[in-house]
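J.: Please read through the structure below; I'll follow up with questions.
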Amino acid sequence: MIRVAILISGRGSNMASIVEAARDPAYPAKVALVLSNKPEALGLRTAAEAGIPTAIVRHRDFASREDFDAEIGRLLAGHRIDLVALAGFMRILTPGFVESWRGRMLNIHPSLLPRYKGLDTHARAIAAGDAEGGCTVHYVVPELDSGPVIAQERVPILPGDDPAALAARVLVAENALYPKALAEVARGLRPKAGG
Ligand code: GRF
C-alpha cells in the first residue's frame, strides 16, 4: 500500500476529499500523515478527527528554507511516506528537496495550467474574459506550477462571476479530481521501503 503524506496550510478541503476516498478498501493509497506549516490550519483538526497522524512544522522555527525542508524530510521518512500530495500548502520548497521527491510529489492548482501559474488565478481568468476555468493536478518540479500535468477538470465561467463564485465552483471540481489523480499515480508506484 502506498503511504501518502498530505501537506496543507489551511482549510484542507482537498486533503479531506482524499481522506474520504481512501476509506474505500479498494483505494490504492493510505493517508499516513497530514503535515501543516500553520498550527492554526483548520485541516489539522479534520485530519485528527479522522484518526490520521498530524504534524506541525512552523517555518519560523527554522533559520533557513533548507533546515525547514530537512525537518519535513525527516518526518516523511519517519512515517515511511511513498508519495507527497501538496494541497493548499503555501510554502515554496527548495529545489533539492523537490528533486528528491521527483515523480512522487503532486500539487493541485486552481487553474487550467499552463495558464495562470501563481496566485489570484480566478480573478485573472475573469479579467481575461475566459469562458472556462478549472484545476490541474501536476507533478511538482522546482519551477512553480510547471510540472507535468496528471489531470485537469474544466468548469464554466458564468456571466457575473466574481473570483469567489468561480473559486467555489472550481473547488468542487478540485475535490473530485485530486483523489482520482492521486489514485492513478499511486497505482503506478512501488512503495519506497517495501510493505
Ligand atoms: C485550493 O484552491 C488549491 O487549488 C490551492 O489552494 C486551495 C486549497 O484549498 N492550491 P483546501 O485547503 O484544499 O481547501
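What follows draws every value from the coordinates through simple rules; no lab data is involved. Quantities reported herein were computed from a predicted structural model and do not represent experimental measurements. No Cβ is skipped: glycine too gets one built from the backbone with ideal geometry, and neighbour counts run over all protein chains shown.
J.: Return the residue satisfying two criteria in turn: it lies in the range 6-17 and is under 15 Å from residue 45 (Cβ atoms) and of a type in the set (S, T, N, Q), and of such residues it is nearest to the ligand (Cβ to nearest atom).
T.: Selected residue: 13.
J.: Name the residue that is surrounded by the fewest Cβ atoms within 10 Å (Cβ to Cβ), counting only residues in the range 133-162 that are assigned to a loop (DSSP other than H, G, I, E, B) and within 14 Å of the ligand (Cβ to nearest atom).
T.: Among them, the one singled out is 144.
J.: All but one of (1) under 17 Å from the mean Cα position of the chain (by Cα); (2) away from the ligand (no atom under 11 Å from the Cβ) hold for residue 165; which doesn't?
T.: (1)
J.: What are the residue pairs meeting all of these: first residue in the range 78-93, first residue under 13 Å from residue 18 (Cβ atoms) and touching a residue at least 60 places away in the same chain (Cβ under 8 Å), second residue basic (Lys, Arg) and surrounded by fewer than 23 Cβ atoms within 10 Å (Cβ to Cβ), Cβ atoms under 9 Å, and 6 or more apart or on different chains?
T.: 83/3; 83/104; 83/192; 84/104; 88/11
J.: A further question on this structure: Would you mind stating whether residue 189 is of a type outside the set (Gly, Ala, Ser) and either within 11 Å of the ligand (Cβ to nearest atom) or not in a helix (DSSP H, G or I) (or both)?
T.: Against the criterion (of a type outside the set (Gly, Ala, Ser) and either within 11 Å of the ligand (Cβ to nearest atom) or not in a helix (DSSP H, G or I) (or both)), residue 189 qualifies.
J.: What are the residues in the range 96-112 that are buried (at least 17 other Cβ atoms within 10 Å of the Cβ), more than 16 Å from the ligand (Cβ to nearest atom) and part of a loop (DSSP other than H, G, I, E, B), if any?
T.: 101, 104
J.: If you don't mind, there's one more thing I want to ask. Tell me which residues, restricted to the range 18-34, are within 15 Å of residue 174 (Cα to Cα) and either under 11 Å from the mean Cα position of the chain (by Cα) or more than 14 Å from the ligand (Cβ to nearest atom) (or both).
T.: Within the range 18-34, 18 is the sole residue that qualifies.
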